[in-house]
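The values are calculated or read from the model by the stated rules, or taken from the named source; none is laboratory data. In this text the structure is predicted, and so the values were computed from the model without any measurement. Note that we place each Cβ from the backbone using ideal geometry, even for glycine, and neighbour counts take in every protein chain shown.
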Amino acid sequence: MKDYTAILNEIHREIQPHLTGGQVADYIPELARIPLGGFGMALVDMDGNVHTCGDAARPFSIQSVSKVFTLTLALKALGDDLWDRVGREPSGSGFNSLLHLEYEHGKPRNPFINAGALVVTDVLLDLYPDAVDAVVQTLRRLSGNPDVGIDEAVAASEESQGFRNASLANFLKSYGGLDHEVGRVLSAYFRHCAIEMSAVDLACAGFFLINQGVPLGETERFISPNRAKYINSLMLTCGTYDSVGDFAYRVGLPGKSGVGGGILAVMPGRFSVCVWSPGLDAVGNSLAGTLALEWLTTKTGISIF
């Protein structure tokens, strides 16, 4: 048995010089206020033990990490029919790019870029009377934290500056890619990106992805093992914007990042881990977070490769 707590504490000590690197997501005014220097990491092993270091209990805006869970809900309901509306390939371009949409007639490359996540949000609006609440309730259940909720100031901040996402949504609508009114899709999308959780919450919430679809503390499957495999594979190939190759090379785990500084990563059959540090690299992944995960797989000798 690995001493994960000792390893996380070692990473916490060694990561200190890197915590002021990168830049916060200043295009979202509320996130621009978060100072550099924060760091938290939480790992849940297969026995359900939670190992932490640093600010692991500090809530942060999960942003695009939420797309793992919106995808889960859509895939759980629609199965392979979902892929009629969104692809499964890496984008090779920025997460908010319009480039491929025109070339590919309004079908997003994958569910983790913004255009694909807008389509998934549109699907959830068909499936649930309150699609945002469905995501929040799912995350409360999977994390075991009934206090998980939305930071309304962040949601409002995103909406006030959401011009690129509005362009994506209108472009999708012009190709028939959205069934619902653009404003309704955008509002739901901004609100589930503005959900606040801690590294502990997200590591616990991701447990079903390492446990054949069974959530932490439960005995019945939330999704099938095969669909858990599909989600993990998409995290590996599409989860860290247009640096998925570098992330796979360095970290060797399926992961999903968000511009709030969080990264959720999973090693099926071994552990679910979340790291948070708000300084981002040039493509929008946590700089210190990526390094911490690289050190985790190096120090433990555990990766999918």
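Counting only helices (runs of 4 or more DSSP H) wholly contained in segment 71-171, the ones carrying 3 or more residues that are surrounded by 18 or more Cβ atoms within 10 Å (Cβ to Cβ) occupy 114-127, 131-143, 152-160. Does any residue of segment 248-257 turn out to be buried (at least 24 other Cβ atoms within 10 Å of the Cβ), closer than 25 Å to Gly37 by Cα and touching an Asp or Glu at 6+ places or on another chain (Cβ under 6 Å)? Within segment 248-257 (the criterion being buried (at least 24 other Cβ atoms within 10 Å of the Cβ), closer than 25 Å to Gly37 by Cα and touching an Asp or Glu at 6+ places or on another chain (Cβ under 6 Å)), the answer is yes, since at least one residue qualifies. Among what's in segment 8-31 and is surrounded by fewer than 17 Cβ atoms within 10 Å (Cβ to Cβ) and in contact with a strand residue (DSSP E or B) (Cβ under 8 Å, 6 or more places away or on another chain), pick the residue that is nearest to Glu294 (Cα to Cα). The extreme case among them is Asn9. Leu139 fulfils the conditions (1) in contact (Cβ under 8 Å) with a residue 40 or more places away in the chain; (2) over 14 Å from Leu73 (Cβ atoms) except for a single criterion, (2). For segment 32-63, a residue qualifies if it is of a type in the set (A, V, I, L, M, F, W, C), part of a loop (DSSP other than H, G, I, E, B) and crowded, with 19+ Cβ neighbours inside 10 Å, and the qualifying residues are Phe39, Ala56, Ile62. Could you tell me whether any residue of segment 178-187 is assigned to a helix (DSSP H, G or I), touching a Pro at 6+ places or on another chain (Cβ under 8 Å), buried (at least 16 other Cβ atoms within 10 Å of the Cβ) and not β-branched (Val, Ile, Thr)? Among the residues of segment 178-187, not one is assigned to a helix (DSSP H, G or I), touching a Pro at 6+ places or on another chain (Cβ under 8 Å), buried (at least 16 other Cβ atoms within 10 Å of the Cβ) and not β-branched (Val, Ile, Thr), which makes the answer no. Kindly evaluate Gly206 against the criterion of being out of contact with any Asp or Glu (no Cβ under 7 Å at 6 or more places or on another chain) and in a loop (DSSP other than H, G, I, E, B). Judged against the criteria, Gly206 is not a match.
In segment 263-274, the qualifying residues are those that are out of contact with any Leu (no Cβ under 6 Å at 6 or more places or on another chain) and assigned to a strand (DSSP E or B), and the one that is nearest to Phe305 (Cα to Cα) is Ser272.
Being surrounded by fewer than 24 Cβ atoms within 10 Å (Cβ to Cβ) and part of a loop (DSSP other than H, G, I, E, B) is the requirement here; does Gly260 meet it? Considered against the rule, which asks whether it is surrounded by fewer than 24 Cβ atoms within 10 Å (Cβ to Cβ) and part of a loop (DSSP other than H, G, I, E, B), Gly260 comes out as no.
Is it true that some residue in segment 108-124 is among the small types (Gly, Ala, Ser) and in contact with a strand residue (DSSP E or B) (Cβ under 7 Å, 6 or more places away or on another chain)? Looking for residues that are among the small types (Gly, Ala, Ser) and in contact with a strand residue (DSSP E or B) (Cβ under 7 Å, 6 or more places away or on another chain), one finds none in segment 108-124, hence no. Taking the conditions (1) more than 24 Å from Lys2 (Cβ to Cβ); (2) among the charged types (D, E, K, R); (3) out of contact with any strand residue (DSSP E or B) (no Cβ under 7 Å at 6 or more places or on another chain) in turn, Asp47 satisfies each one other than (1). Pairs meeting the criteria (first residue in segment 283-300 and closer than 22 Å to Val24 by Cα, second residue at pLDDT below 95 and part of a helix (DSSP H, G or I), beta carbons under 6 Å, at least 6 apart or on different chains) are Val283/Tyr241; Val283/Asp242; Val283/Ser243; Gly284/Tyr241.
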